[in-house]
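Worksheet: one structure, shown below.
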Amino acid sequence: MYRLSGDQVAYLVGRRYSMKEISTDSEDLTDASFAEYLSWTIAAGGVNGCVGSLEFFGKDFLNFESVDCPLIDASGKTTHIIGTLCQL
């Protein structure tokens with residue numbers, strides 16, 4: 001389960017995610033796919049970059065780049081993922 005926040009994401013994708021919980025079991029396919037990406041980022045064990053279009057959100061005319069960095073506590077558990085998303 002992930003809880004998302006961030007105004008830039010809401011602006012670019014046209015949906016407010018601030019403090020919304022999502023998971024790979026979310027009924028919304030977009031939310032489930034994004035949660036899957038976050039799970040993959042954690043499993044990869046480092047900073048992950050992604051470039052693509054926002055066609056998932058009906059905005060195939062917009063391209064983006066993101067960088068996502070998992071933060072890990074002393075026990076090795078990921079507690080947060082800090083990310084940035086910008087329009088290209």
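Just so it is clear, none of the values below were taken in a lab; they were calculated from the coordinates. Computed from a predicted model, the values in this text were never measured in an experiment. Note: ideal-geometry Cβ built from the backbone for every residue, glycine included; neighbour counts use all protein chains shown.
Is it the case that the stretch 77-84 has a residue that's of a type in the set (A, V, I, L, M) and touching a Cys at 6+ places or on another chain (Cβ under 9 Å)? Looking for residues that are of a type in the set (A, V, I, L, M) and touching a Cys at 6+ places or on another chain (Cβ under 9 Å), one finds at least one in the stretch 77-84, hence yes.
Quick one: how many residues across the stretch 38-75 are among the aliphatic types (A, V, I, L, M), out of contact with any Leu (no Cβ under 6 Å at 6 or more places or on another chain) and touching a residue at least 40 places away in the same chain (Cβ under 8 Å)? So the count comes out to 1.
Can you tell me how many residues in the stretch 17-41 are small (Gly, Ala, Ser) and touching a helix residue (DSSP H, G or I) at 6+ places or on another chain (Cβ under 9 Å)? Break it down stepwise before answering.
Step one: filter the stretch 17-41 for residues small (Gly, Ala, Ser), giving 18, 23, 26, 32-33, 35, 39.
Remaining after also requiring touching a helix residue (DSSP H, G or I) at 6+ places or on another chain (Cβ under 9 Å): 18, 23, 26, 33.
Residues flagged as small (Gly, Ala, Ser) and touching a helix residue (DSSP H, G or I) at 6+ places or on another chain (Cβ under 9 Å) within the stretch 17-41 amount to 4.
Answer with yes or no whether Ala35 is surrounded by 13 or more Cβ atoms within 10 Å (Cβ to Cβ), free of Cβ contacts under 8 Å to residues at least 60 places away in the same chain and in contact with a Ser or Thr (Cβ under 6 Å, 6 or more places away or on another chain). Yes, satisfied.
Residue check: Ala10 meets all listed conditions (1) under 13 Å from the mean Cα position of the chain (by Cα); (2) assigned to a loop (DSSP other than H, G, I, E, B); (3) small (Gly, Ala, Ser) but one, namely (2). Filtering the stretch 41-61 to residues that are over 19 Å from Gly14 (Cβ atoms) and surrounded by 12 or more Cβ atoms within 10 Å (Cβ to Cβ) leaves Thr41, Ile42, Val47, Asn48.
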